[in-house]
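*Asks:* I have a structure here, written as structure tokens, and I will follow up with some questions on it.
The values are calculated or read from the model by the stated rules, or taken from the named source; none is laboratory data. All figures in this text were calculated on a predicted structure; none of them were measured in a lab. All Cβ positions, glycine included, derive from the backbone under ideal geometry; neighbour counts span all protein chains shown. When the accessible area is computed, the model is the full protein with side chains, heavy atoms only, and any ligands, DNA or RNA have been set aside. Shrake-Rupley method; radii C 1.70, N 1.55, O 1.52, S 1.80 Å.
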Amino acid sequence: MPVVLYVSWLCYTSLGQGNTMLFSSLTTEYSIPVHKYYFPFLFILGMSLWSFVEYVIHRFVFHMNPPASNYYLITLHFLLHGQHHKSPFDRSRLVFPPVPASLVAAFLCCCLLLILPRAVGLSVFAGGLFGYVTYDMTHYYLHYGSPKKGSYLYGLKTYHVKHHFEHQKLGFGITTKFWDRPFRTLIPEETFEKED
């Protein structure tokens, strides 16, 4: 969180100088000024992008189906996520380790800085980093917290438990079910018939 706050302040003050232009590397005639008032929207865009990255990583990396003949991919898969499914209540396997998380964050930050002006790219990155922290905290809470019945987090906990124990090929969203809908991986709602 201190990094998110620092980068956010840095971006907001940089955008406040009024010299950040979008598309200026492509054309000066159609470049768009980016003011400090755009920072919240860029931050929310970063959170939304992280939400998508969270879904993609969980579905296609953590739940990959490595070839039976490739020992190294099987081992990597087990270390990345298989162990978590084998022991879902092991406290030491609920959050991504800091070093690999930092490497992924650095890669994503570099990608953003390659395609966007520095202040804009870092604003989106700050939102994404906040989304990641929210994801890690939410995932931990879904395993160990006791959300109030009927709350948003209670629904997410129920959904995540179903992913672990009933539908491992569905329900890849952790902080939201949003991406499960368009990609058709939403866990179906259970319906119970009333008995007379």
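*Asks:* So, in region 140-174, how many residues would count as being in a helix (DSSP H, G or I) and aliphatic (A, V, I, L, M)?
*Replies:* Final tally of qualifying residues: 4.
*Asks:* Given the conditions (1) surrounded by fewer than 19 Cβ atoms within 10 Å (Cβ to Cβ); (2) under 15 Å from the mean Cα position of the chain (by Cα); (3) part of a loop (DSSP other than H, G, I, E, B), which single one is not true for MET137?
*Replies:* Only one criterion in (1) surrounded by fewer than 19 Cβ atoms within 10 Å (Cβ to Cβ); (2) under 15 Å from the mean Cα position of the chain (by Cα); (3) part of a loop (DSSP other than H, G, I, E, B) is unmet by MET137, namely (3).
*Asks:* Would you mention how many residues in region 60-77 are in contact with a helix residue (DSSP H, G or I) (Cβ under 8 Å, 6 or more places away or on another chain) and hydrophobic (A, V, I, L, M, F, W, C)?
*Replies:* 4
*Asks:* Does LEU49 satisfy being under 23 Å from the mean Cα position of the chain (by Cα), open to solvent by 100 Å² or more (accessible area, probe 1.4 Å) and modelled with pLDDT of 90 or more?
*Replies:* no
*Asks:* Kindly provide the set of residues from region 175-189 that are at pLDDT below 90 and open to solvent by less than 90 Å² (accessible area, probe 1.4 Å), ordered by number.
*Replies:* PRO188
*Asks:* At pLDDT 90 or above, surrounded by 15 or more Cβ atoms within 10 Å (Cβ to Cβ) and not aliphatic (A, V, I, L, M): which single residue out of CYS109, CYS11 fits that description?
*Replies:* CYS109
*Asks:* Go through (1) open to solvent by 90 Å² or more (accessible area, probe 1.4 Å); (2) under 30 Å from GLY171 (Cα atoms); (3) at pLDDT below 90 for GLN17 and report which single condition fails.
*Replies:* Going through (1) open to solvent by 90 Å² or more (accessible area, probe 1.4 Å); (2) under 30 Å from GLY171 (Cα atoms); (3) at pLDDT below 90 one by one, GLN17 breaks only (2).
*Asks:* Moving on to the next point. Is it the case that region 140-158 has a residue that's under 30 Å from SER14 (Cα atoms) and open to solvent by less than 70 Å² (accessible area, probe 1.4 Å)? Give the derivation first.
*Replies:* Filtering region 140-158 for residues under 30 Å from SER14 (Cα atoms) gives none.
No, region 140-158 has no match at all.
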